[in-house]
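Peer 1: Please see the structure below; I have some questions.
Bear in mind that the values in this text are calculations on the coordinates, not laboratory data. Quick caveat, the model's predicted, so the values are computed rather than measured. Cβ coordinates were reconstructed from backbone atoms using ideal geometry, including for glycine residues, and neighbour counts include every protein chain displayed.
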Amino acid sequence: MEGLMSVRIKLNPFHPSSSRQQNLVLLPALTPRVTRRAFISPIGLMKSFNSVAASVQPLEASAVGRFDNTLPSKEILDLWRNVDAVCFDVDSTVCLDEGIDELAEFCGAGKAVSEWTSRAMGGSVPFEEALAARLSLFSPSLSQVQDFLEKRPPKLSPGIDALVKKLKEKNKTVYLVSGGFRQMINPVALILGIPLENIYANQLLFRSSGEFVGFDTNEPTSRSGGKATAVQQIRKDHGYKCLVMIGDGATDLEARKPGGADLFICYGGIQLRDAVAAKADWLVFNFKDLINSLE
């Protein structure tokens with residue numbers, strides 16, 4: 001972003017940079033545009049962020065008979081096995097929770113924000129409207145975000161680490177495409193061994209005083225249809241012949257369009273959104289199903 005200084009990160013991922021324009025502080029952007037100018041120490045960050053083991057009550061039993069897409073066709077399996085790249089949603093897919101809800105709860109506005117999140121993920125409200133409304137309810141400061149990330153390490157979904165490992169063994173490229181924030185997704189990527197330049201997500205902005213300003217509206221994932229735009233850009237930039245999107249929300253489903261994802265796999269192991277699950281090419285409740293299908 002013009003006017004924002006490049007970021008240099010060592011063991012502390014929150015060393016702020018001052019902006020020459022509006023005195024903004026940009027926590028680690030690490031987009032493909034600035035990665036070449038950033039120094040990252042994965043080892044230091046990995047020590048700071050440990051995944052938290054957690055269990056999830058399976059939703060599969062209650063969904064039996066409600067959906068006819070839990071068993072993939074041969075065509076779907078062939079696409080999955082021959083995919084070049086896989087794009088994962090983060091909240092309620094790679095991670096157990098919705099990051100913005102967790103941050104809001106930490107800041108004392110959990111209930112009000114989670115209600116907005118449900119509306120946004122169901123597709124009833126434009127994403128950019130819901131994002132702005134949720135952030136306005138608690139306006140997190142820089143220090144609050146830093147404190148949150150120190151005290152609330154990422155909670156990975158069961159089996160996601162094994163799935164990412166298997167995909168990399170099969171020479172599939174993995175991306176994280178999220179409406180969440182880079183500040184909260186960078187640690188997840190480091191734990192899973194996903195290059196930081198493979199993250200497409202939003203960015204919180206702060207003044208040099210630490211006051212919350214808003215979010216970077218230039219990021220494609222900051223608005224409705226943004227995940228589709230990001231996936232289309234990924235495919236165009238790398239020339240992938242086959243690309244899959246995995247997620248749980250309406251914004252993930254949107255990525256399955258011409259020039260974007262060939263296949264949308266709905267992960268219902270944490271949040272099962274019926275309207276999204278019914279339109280998926282394949283509905284799964286356990287990442288082991290995807291791992292086993294790659295054998």
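Peer 1: Treating cross-link reach as a plain straight distance, find the lysines whose alpha-carbon is under 24 Å from the alpha-carbon of Lys257, omitting any fewer than eight places away in the same chain.
Peer 2: Lys74, Lys172, Lys227, Lys236, Lys241, Lys279
Peer 1: If you don't mind, another one. Of all trypsin sites (Lys or Arg not before Pro) in segment 221-268, which ones are in loop regions per DSSP and have a Cβ with at most 15 other Cβ atoms within 10 Å? Write out the running numbers ahead of the final one.
Peer 2: Details: sites: Arg223, Lys227, Arg235, Lys236, Lys241, Arg256; in loops: Arg223, Lys241, Arg256.
Those that pass, being in a loop and sparsely packed, are Lys241.
Peer 1: Mind checking which aspartates and glutamates have their Cα closer than 16 Å to the Cα of Lys165? Skip sequence neighbours fewer than 8 apart in that chain.
Peer 2: Cα-Cα hits under 16 Å: Asp84, Asp289, Glu295.
Peer 1: In addition: For segment 76-173, what D do you get in µm² per second when you plug the Kirkwood radius from alpha-carbon pairs into Stokes-Einstein at 4 °C and 1.567 mPa s? Provide the component values of the computation, followed by the final result.
Peer 2: Numbers: Rh = 15.5 Å.
For the chosen part, D equals 84 µm²/s.
Peer 1: So if each residue of separation counts as 0.36 nm, and I subtract the Cα-Cα distance between Leu137 and Ser124, what length gain in nm does that give? All intermediate terms of the calculation are to be shown ahead of the outcome.
Peer 2: Values: separation 13, 0.36 × 13 = 4.68 nm, distance 1.92 nm.
The Leu137-Ser124 span can extend by a further 2.8 nm.
Peer 1: In debye, nearest 20: dipole of segment 144-229 around its Cα centre with unit charges on the Cβ of K, R (+) and D, E (-)?
Peer 2: The calculation lands at about 400 debye.
Peer 1: What full-extension length gain, to one decimal in nm, is calculated for Lys288 and Lys151 as 0.36 nm per residue of separation minus the Cα-Cα distance? Don't skip to the answer; put the middle values down first.
Peer 2: Numbers: separation 137, 0.36 × 137 = 49.32 nm, distance 2.97 nm.
46.3 nm is the gain from fully extending Lys288 to Lys151.
Peer 1: Which loop-located chymotrypsin sites (Phe, Trp or Tyr not before Pro) does segment 141-235 contain, where loop means any DSSP state but H, G, I, E or B and the Cβ has at most 12 other Cβ atoms within 10 Å? Display every interim value, and only then the final one.
Peer 2: On the way: sites: Phe148, Tyr175, Phe181, Tyr200, Phe206, Phe212, Phe215; in loops: none.
Within segment 141-235, no chymotrypsin sites (Phe, Trp or Tyr not before Pro) qualify (loop, at most 12 other Cβ atoms within 10 Å).
Peer 1: Setting aside same-chain residues fewer than 8 positions from Lys166, which lysines have a Cα under 19 Å from its Cα?
Peer 2: Straight-line reach from Lys166, under 19 Å: Lys288.
Peer 1: Then there's this: How far, in nm, would the chain grow between Lys74 and Lys165 when pulled straight, counting 0.36 nm per residue and subtracting the alpha carbon separation? Kindly include the intermediate steps, with their values, before the conclusion.
Peer 2: Working: separation 91, 0.36 × 91 = 32.76 nm, distance 2.39 nm.
Difference between extended and current length: 30.4 nm.
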